[in-house]
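Only one structure is covered here, and it is reproduced in the block below.
The values are calculated or read from the model by the stated rules, or taken from the named source; none is laboratory data. Here the structure is a predicted model, which is why all the values come from computation and not from measurement. No Cβ is skipped: glycine too gets one built from the backbone with ideal geometry, and neighbour counts run over all protein chains shown. SASA here: full protein model, heavy atoms, side chains in, ligands and nucleic acids out. Shrake-Rupley method; radii C 1.70, N 1.55, O 1.52, S 1.80 Å.
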Amino acid sequence: FMDESRPADQLLHIEYPRLPRAVEKVGVLPPSETGNPRWLMLALTWAAYVCFGYITASLAPFVTLIVDDLGISYTQMGTILGAWQLVYIFFAFAAGSIVDRVGVRRAIGVGLLLVALSAFMRSQASGFETLFLAVALFGLGGPMISIGAPKLVSLWFRPDARGGAAGIYATGPSVGSIVMLSTANSVVLPALGHWRTAMTFYALVVVAVAVLWWLLARDRQDGTATPAEPPMQLLTVGIRLLTIRNVALIVVIGVIYFLIQHGLSNWLPKILEHGGMTPAEAGFWAAMPGLVGIAGALIIPRAGPPHLRAYLLAAQLLVGAVAVMLISQSTGPILLAGLLMYGFTLSSGLAMLMLLLMEIAEVGSRRIGVAGGLLLTFGEIGGFGGPFLMGYLFTQTGGFVVGLTILSAAGLMAAGLALLIRR
């Protein structure tokens, strides 16, 4: 109830009863609108996400060089490209719980340091096993960033502003990928002389951002932090969340989304080289999806009201599936159209999935860490499977058409599932 004579923000606090089976409806205090600390936090989170995309794309431009230097097969290279996604499967849920317990500042700060260490260890790799372990380490730091970002948005921004904020941070991976792919073979490698030296340079870039984060970032101190809970209670909450229809659908869609996203993005420079481009040309063309992805990430999450987001996600997946098929079958202008369609529609896919999750009453700000951890835990099964599948099928068939056709069919399936999400 509210007294209409009082200011609108002076609401009577109501204690909601606990829902059965350890799942609660969640309400948090509205983020403060005084000053601009939320914009500083969003900018820092965006910079962390740029580093995420920067290091994620760091191996793709050097696939041919690494395969020749280390004497490994393309199937092994596909396994390496999916190594960090494999770690996500086992760590993402725990990472979500950690973000909820320790706060965004410490979680993302540690995540950045682990990402930097992963990049440096890649420069020291001597074979399949050591490079696999170096890339796998990214799977411990990456979830802190990818789960911490939506957690920050849910805490610092009002519900009607979250779509725009999520769109802004979602441009980070695209920016990082663009910079990496467009400069790796045209600027960084010629300047530094070897892919190992380039990896060391990339690690130092992330360290610089980590220093800025630790100096400037802070947690909110207004009662929105999640109290510490026993690990078994968090596990119980996670299991119960999976019994909610919309949560389960979003998780399944996440598996397919990551299958497509990681399967294509990790191999895109090699796909273009296989089609006849030089490594430098392939790098520039592979950066195009990220370039238009910035516009997509800014536009799509705020394109419609929350009750239409499921339909918007379905449209994204449908257009993305068509785009993948164009990439597999075409050259020239049609290939360019496929790359642009793919980048614009699927760049904000994870942000859309996270927005749909945080709008579920039983998730909200308090449980978005756990729910996001579930999404990434299961989703990265597809994240590992995509790069591995593409590498294996390339070894077996000598091309990428079969693998891309499978990714396109998976996108059509995910679009159908998105239509089943209920408001």
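So here's what we get for this one:
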quantity	calculated
Hits in the range 136-154 (condition: open to solvent by less than 20 Å² (accessible area, probe 1.4 Å) and either basic (Lys, Arg) or over 25 Å from residue 288 (Cβ atoms) (or both))	136, 139, 141, 143, 144, 147, 148, 150, 151, 152, 153, 154
Checking residue 271 against (1) outside any loop (DSSP other than H, G, I, E, B); (2) over 19 Å from residue 81 (Cβ atoms); (3) more than 15 Å from the chain's Cα centre (by Cα), the condition it does not meet	(2)
Every pair of residues 6+ apart whose Cβ atoms lie under 7 Å, when the first sits in the range 100-118 and is on the phi < 0 side of the Ramachandran plot while the second is open to solvent by 50 Å² or more (accessible area, probe 1.4 Å) and not hydroxyl-bearing (Ser, Thr, Tyr)	101/228; 105/218; 107/98; 109/214; 114/140; 116/207
The range 272-286: number of residues that are surrounded by fewer than 24 Cβ atoms within 10 Å (Cβ to Cβ) and among the aliphatic types (A, V, I, L, M)	3
Subset of the range 362-407 that is of a type in the set (S, T, N, Q) and either in contact with a Cys (Cβ under 6 Å, 6 or more places away or on another chain) or crowded, with 19+ Cβ neighbours inside 10 Å (or both) - its residue that is nearest to residue 136 (Cα to Cα)	377
The range 323-334, residues that are among the hydrophobic types (A, V, I, L, M, F, W, C) and buried (at least 17 other Cβ atoms within 10 Å of the Cβ)	323, 324, 325, 326, 327
Close pairs from the range 163-187: first assigned to a helix (DSSP H, G or I), partner of a type outside the set (A, V, I, L, M) and open to solvent by 30 Å² or more (accessible area, probe 1.4 Å), Cβ under 6 Å, at least 6 apart	163/302; 164/302; 167/302; 169/46; 172/46; 182/284; 185/279
Condition met for residue 154 (within 26 Å of residue 106 (Cβ to Cβ), polar (S, T, N, Q) and part of a helix (DSSP H, G or I))	yes
Condition check for residue 415: under 29 Å from residue 135 (Cβ atoms), modelled with pLDDT of 85 or more and open to solvent by less than 20 Å² (accessible area, probe 1.4 Å)	no
Residue count for the range 296-322, restricted to those that are open to solvent by 40 Å² or more (accessible area, probe 1.4 Å) and in contact (Cβ under 8 Å) with a residue 24 or more places away in the chain	11
Lone qualifier among 40, 44 - being surrounded by fewer than 16 Cβ atoms within 10 Å (Cβ to Cβ), in a helix (DSSP H, G or I) and touching a Leu at 6+ places or on another chain (Cβ under 8 Å)	40
Members of the range 173-221 that are of a type in the set (S, T, N, Q) and closer than 16 Å to residue 59 by Cβ	177, 182, 183, 185, 197, 200
Residues satisfying the stated conditions in the range 67-86, i.e. β-branched (Val, Ile, Thr) and crowded, with 24+ Cβ neighbours inside 10 Å	80
